[in-house]
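Here's the structure, in structure tokens; my notes come after.
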Amino acid sequence: MKFEDLKLIEPIQKAVDIEGYTIPTPIQEKAIPIILEGKDLLGCAQTGTGKTAAFAIPLLQMLYNDKVHEKWPRNIKALILTPTRELAIQIGESLGAYGRFAGLKYAVIYGGVSQISQTSMLSKGVDIIVATPGRLLDLVSQKYIRLGFLKMLVLDEADRMLDMGFSHDIKRIMALLPIDRQTLLFSATVPPEIMNLVESLLQDHVKVAVTPVSSPVESINQSVYFVDRKDKKTLLMKLLNNRGLDSVLVFTRTKHGADKLARGLVNKGIVAQAIHGNKSQVARQQALSNFKSKRTRVLVATDIAARGIDVQELSHVINYDLPDTPETYVHRIGRTGRAGMGGTALSFCDTEEKGCLMNIQKLISKKIPVISF
Ligand code: AMP
């Protein structure tokens, strides 16, 4: 199937062409027609499958078609809820790209920064809001945001939102929305808590699933090194001697560990930066943009900060520390091998992490080949 077969309206198709997309990814092929029919949708897809475009493109198209008949003033017609500010910003960028000819206005709302630029954007009138739950509720209570005209709601990375403790906030937000709306819920995993959310929020929904979380993108080449904790840094340095590792995302368990490792790499002459929740918003954005533009070769990240990092042509993901939750491993390595491109995921496993490795292998139903160090 080609994008043209999805019968997108001209302003959107033109933007998709500029992005260089010709073939829709499986989630796009399945989800876009369903969303355009106005149905509720449960999308089971992880980061890297093209899920942002899968909801952003039809959402823009539907609002555009509405806009043609609608008069000023603008009101908020769509809300996209996300767990982190990085993801919110990236979704905002995608809306900007796919909607560049649609004339719709959007605002990205997240906490940890002054609200002034966000409220000034809102007071000019917007059609779409991309938001993290806390700041959204804050601005609702200050009456900068009214959700009574909402037509479309997207919950992105819903499993992550619940993991991060947003369940109560989500309930409060839902109570503010019109019942008569279209709801799209995207989640990489569908544990019982997500099913509860689906049952309470979606009506007559269609379920679309691609690449279940237990089978990471096939094109990713996975390996594991058994290494003592104290030797992990030496191993990383040895690997980085290979210039082929030109854009490397390294995961550590703790924020402190991320900082320490990035500092250690910089001391050895490797251009590296850390990204985690204790860094200021400006520092996080700066680190991300340096990494995207390849000014920084190595980005050291913790899981939450890395959520949704969308970097094309990421060559390697390195699990410096293995995650406790096996699903997190799948999320992490999904950062490479995006949209069908090949990638490499290397994991460092010390004696204490052998249990984590076993759980990961159980989840993905395969043994990860061992490379000796
Ligand atoms: P996502 O899963 O939304 O994080 O998207 C993963 C990456 O795939 C992003 O960098 C998109 O720009 C890219 N992408 C999305 N859809 C397509 C497509 N149909 N063709 C090529 N690249 C795509």
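Could you derive backbone 3J(HN,Hα) for the stretch 323-331 from the dihedral phi with the Karplus parameters 6.51, -1.76 and 1.60 (θ = phi - 60°), listing whole Hz in sequence and x where the residue is Gly or Pro?
x, 6, 9, x, 4, 4, 4, 5, 4
So for the stretch 3-209, averaging the separation of alpha carbon pairs under 8 Å that are six or more residues apart and normalising by length, what relative contact order in percent results? Please report the intermediate quantities before stating the final value.
On the way: 355 pairs, mean separation 59.5, N = 207.
Worked out over the stretch 3-209, it gives 29 percent.
For the chain, find the longest principal axis of its Cα atoms and tell me its angle to the long axis of helix 10-19, 0 to 90°, nearest 10.
10
Which of the aspartates and glutamates could a cross-linker bridge to Lys230, judged by Cα under 19 Å and excluding same-chain residues fewer than eight apart?
Output for Lys230: Asp259, Asp321, Asp350, Glu352, Glu353.
Subtract the Cα-Cα distance of Ser167 and Ile371 from 0.36 nm times their separation in residues, and report this length gain in nm to one decimal. Before the final figure, lay out each step's value.
Details: separation 204, 0.36 × 204 = 73.44 nm, distance 4.12 nm.
Gain on stretching Ser167 to Ile371: 69.3 nm.
Check which residues have an amide H placed less than 5 Å from Val370's amide H, if you skip close sequence neighbours.
Distant-sequence amide H within range of Val370: Val224.
Scan around Val250 for amide H atoms under 5 Å from its own, H built in the peptide plane at 1.01 Å from N, and keep only partners 5 or more places away or cross-chain.
Here Leu299, Val300, Ala301, Ile318 satisfy the definition.
With the crude spin-label approximation of a point 7 Å out along Cα→Cβ, what separation in nm comes out for Lys230 versus Phe149?
About 6.6 nm, to one decimal.
Which parts of the stretch 272-287 would a label at Arg243 reach, counting a residue when its backbone N lies under 18 Å from a point 7 Å out along Cα-to-Cβ?
272
Count of lysine pairs in the stretch 23-147 with Cα atoms under 22 Å apart, counting only pairs 8 or more residues apart in sequence or on different chains?
18
Quick one: Debye curve from the alpha-carbon atoms of the stretch 3-209 only, equal weights, vacuum; give me log10 I(q)/I(0) at q = 0.17 Å⁻¹ to two decimals.
Here log10 of I(q) over I(0) equals -1.20.
Just grab the label-to-label distance for Arg74 and Gln115, each label 7 Å out from Cα along the Cβ direction, in nm (one decimal).
2.0
Tell me which chymotrypsin sites (Phe, Trp or Tyr not before Pro) from the stretch 138-243 have a DSSP coil assignment and no more than 16 other beta carbons within 10 Å of their own. Before the final figure, lay out the partial values.
Working: sites: Tyr144, Phe149, Phe166, Phe186, Tyr225, Phe226; in loops: Tyr144, Phe149, Phe166.
Sparse-neighbourhood loop chymotrypsin sites (Phe, Trp or Tyr not before Pro): Phe149.
As an exercise, use a Förster radius of 35 Å and the Cβ-Cβ distance of Met195 and Lys268 to find the FRET efficiency, rounded to the nearest 0.05. Don't skip to the answer; put the middle values down first.
Numbers: r = 48 Å, r/R0 = 1.36.
The value I calculate is 0.15.
Mind checking the full-extension length gain between Thr325 and Glu37? Use 0.36 nm per residue of separation minus the Cα-Cα distance, one decimal, nm. Walk me through the numbers before you get to the answer.
Values: separation 288, 0.36 × 288 = 103.68 nm, distance 3.68 nm.
The span from Thr325 to Glu37 would gain 100.0 nm if fully extended.
Sum -39500 (n - 2.57) across every DSSP H segment of at least 4 residues in the chain, then divide by the residue count to get the 222 nm mean residue ellipticity, nearest 500.
On the way: 15 runs with 150 residues, N = 373.
It comes out at -12000 deg cm²/dmol, rounded to the nearest 500.
Quick one: grab Rg to one decimal and Dmax as a whole number for the chain, Cα atoms only, in Å.
In Å, with Rg to one decimal and Dmax whole: 20.8, 66.
Express in nm, to one decimal, how much length is gained between Glu10 and Asn65 on full extension, taking 0.36 nm for each residue of separation and deducting their alpha carbon distance. Mind showing how you got there, number by number?
Details: separation 55, 0.36 × 55 = 19.80 nm, distance 1.13 nm.
Here the segment from Glu10 to Asn65 would lengthen by 18.7 nm.
Order 195-202, 110-117, 35-42 from most to least packed using the mean count of other Cβ atoms within 10 Å.
Order by mean packing, descending: 35-42, 195-202, 110-117.
Every number here is computed from the coordinates shown, using simple stated rules; none is lab data. Bear in mind that the values here come from a model prediction, so they are computed numbers and not experimental data. No Cβ is skipped: glycine too gets one built from the backbone with ideal geometry, and neighbour counts run over all protein chains shown.
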